[in-house]
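Some notes on the structure that comes next.
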2 protein chains.
Amino acid sequence: MPSATQLLFLDGSVKFSHPLVLEYAYYYVSWDTLVHFCFNESLNEVYFNNPMWPGESHSLKVEKILFRDKSKYQEVLVFQSSAYGKVLVLDGIVQLTEKDECVYQEMITHLPLCSIESPQNVISGYFIGTLPSYNAGVWYPASLHREIARKQEIFPELAIGFEDPRVHLHVGDAIEFLKQAPEGKYDAIIVDSSDPVGPAQELVERPFFETIARALRSGGVLCNMAESMWLHTHLIQDMLTICRDIFKGSVRYAWASVPTYPSGVIGFLLCATEGPPVDFVHPINLLRSWMVHLTTEGKLNLQLRGYLSIHRAAFALPSFVRREVEALRG
Amino acid sequence: MPSATQLLFLDGSVKFSHPLVLEYAYYYVSWDTLVHFCFNESLNEVYFNNPMWPGESHSLKVEKILFRDKSKYQEVLVFQSSAYGKVLVLDGIVQLTEKDECVYQEMITHLPLCSIESPQNVISGYFIGTLPSYNAGVWYPASLHREIARKQEIFPELAIGFEDPRVHLHVGDAIEFLKQAPEGKYDAIIVDSSDPVGPAQELVERPFFETIARALRSGGVLCNMAESMWLHTHLIQDMLTICRDIFKGSVRYAWASVPTYPSGVIGFLLCATEGPPVDFVHPINLLRSWMVHLTTEGKLNLQLRGYLSIHRAAFALPSFVRREVEALRG
């Protein structure tokens, strides 16, 4: 652990007087994460800077550090922000905030699951915030990393799915898990991955999508996090091209507004295997109401905050995206 | 003018060694704007910080200062950013960038003008980027501030409308202009205002909307910039309530993704006066193609980059917005 005087901040200066920074330094995680803290001396404020905005700098004002830890897999940091509630950071990159996670979680879950009849066998990698909103039979959320389970205490609404008896938690390598899965086992696979850097790089490459297609039943569906239409059109083009080749059913791109993700949007890649046709734009399952009751306890309500009424709109792309992404034309 | 050593940056430190900052300091505009520059010493980079993101800090990396001036009305700054092209700043607040202005300009123009038959008398306050895409008869764009005309050299694509013989430029106070207008003169009024702080505050208040309603013909339409559904639901509620009271026709709220506006979105308030019913969600005029030719010279093409295919989707709101804004329910 470096001494306090070694702390380096975004502006290149060395600061160590703010109590939040001292607290964070004491529970030292790593140099990589520390460098994202920016200290505004004149206002006595601390900002956490998200490095995933190229050519931009996007920072959230920090009120309090709530949790920090490091395992052999990754660094975890949770802080209370002034504008977006609690913020979860993995390896220095903002993963979700209390204020805007609703749209992301609900869209990545319901875009695929509303598109098929009675999903029963579903596997969801990473987070499982909105799982209980479905009357599916058995859930197999795979968690890549052990730390995710700890979110239960800090983000009880996100961890609500863990209490559902239909949910089975698998901790480990999701790619290995899928490789071992029986062929055609799953109705739907949801890949809520982190950005494609480091270990997550292979989550946007051909072998991964082949593994998924093999694990899906005929007419099964994949929903994969697919970056920003403003910033990553080359990556979107690559993913669409690979998936049109591998999945023989419908392949579509959708998006939603999530302010704390780069450029304020996040995309979703939707793919169906050959079999009963899937029309992602016109879902066959519609949620019964925006207030869905938990089946296990009956005393908690899961309010869907973003999904309703925006399913179809998610497929409406500004025309510049179609011009930049050839695979979206025609 | 302060000396270079007096420059104060976001982190509270005093810096003056970067050539961009020196250049900007030489063409001194004001202390208010200078304070938005943040100097990253370790990376030798300069960022411009947009103060309109409360509880957040959003900055664009500056490559070169292109233009700066100050009149009795406002400060103007244009810089080349690394990620969003040229950026226009008025009084220290980012107004538009080359990369994402397309969606804003096209939506604020076409949401209202596609909703009525053959718009002829249209007045548009502030910017006129997409004017020539219509075969309307006479255009009366009012410009609040003299500096806007200078954008012709720096943003030729935005200033393209000035060359159209149907366009008449009025420089002055738009509110006074509208008060003097004959009652019922206009088919459509587009209020491309800045944020409701300072002189623009009255642009979201009852007397202003009453002035507009009086100047519109029966069944005429207003489109007003209406902030972020993520951040300003109280303001949206107030505007909707006031306008439902004043305008007796349809009143709707729409939005679009614009990364460099606070929270990455911008809203539009659409109002129709009593008369022939207006259905904003289902426009009666559809643009003939996304490539629209200028009628004056025939040699310039105006490519609509954002509008097509997202008109209807603009009215699909995440359900949390309906819960926070009572006026959007039912």
* To do: Report which residues of region A:251-267 become buried by 20 Å² or more of accessible surface when going from the isolated chain to the complete set of protein chains (1.4 Å probe; DNA, RNA and ligands ignored).
  => A:TRP255, A:SER257, A:PRO259, A:SER263
* Rounded FRET efficiency, nearest 0.05, which uses the C-beta distance separating B:VAL281 from B:SER82 and R0 of 35 Å -> 0.35
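Interface size between chain A and chain B, please: total buried accessible area, 1.4 Å probe, rounded to the nearest 100 Å².
On the way: alone 14680 and 14640 Å², together 25650 Å².
Protein heavy atoms only, the A-B interface buries about 3700 Å².
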* Structure fact -> Too long for a 22 Å Cα-Cα cut-off, among B:LYS70/B:LYS179; A:LYS61/B:LYS70; A:LYS64/B:LYS61; A:LYS86/B:LYS99; A:LYS64/A:LYS99; A:LYS61/A:LYS86, are B:LYS70/B:LYS179; A:LYS61/B:LYS70; A:LYS64/B:LYS61; A:LYS86/B:LYS99
* Ranked highest first by average number of other Cβ atoms within 10 Å, how do B:111-122, B:260-271 line up? -> B:260-271, B:111-122
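R0 = 30 Å: FRET efficiency of B:GLU176 with B:GLU274, Cβ-based, nearest 0.05? Display every interim value, and only then the final one.
Values: r = 25 Å, r/R0 = 0.85.
Result of the calculation: an efficiency of 0.75.
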* To do: Can you figure out the FRET efficiency of A:ASP69 with B:HIS168, using R₀ = 51 Å and their beta-carbon distance, to the nearest 0.05?
  => 0.20
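The values are calculated or read from the model by the stated rules, or taken from the named source; none is laboratory data. Fair warning: this is a prediction, and the values are worked out from it, not measured in the lab. Using ideal geometry, Cβ is built from the backbone for each residue, glycine included, and neighbour counts are taken over all protein chains shown. What goes into the accessible areas is simple: the full protein's heavy atoms, side chains included, and nothing from ligands, DNA or RNA. Shrake-Rupley method; radii C 1.70, N 1.55, O 1.52, S 1.80 Å.
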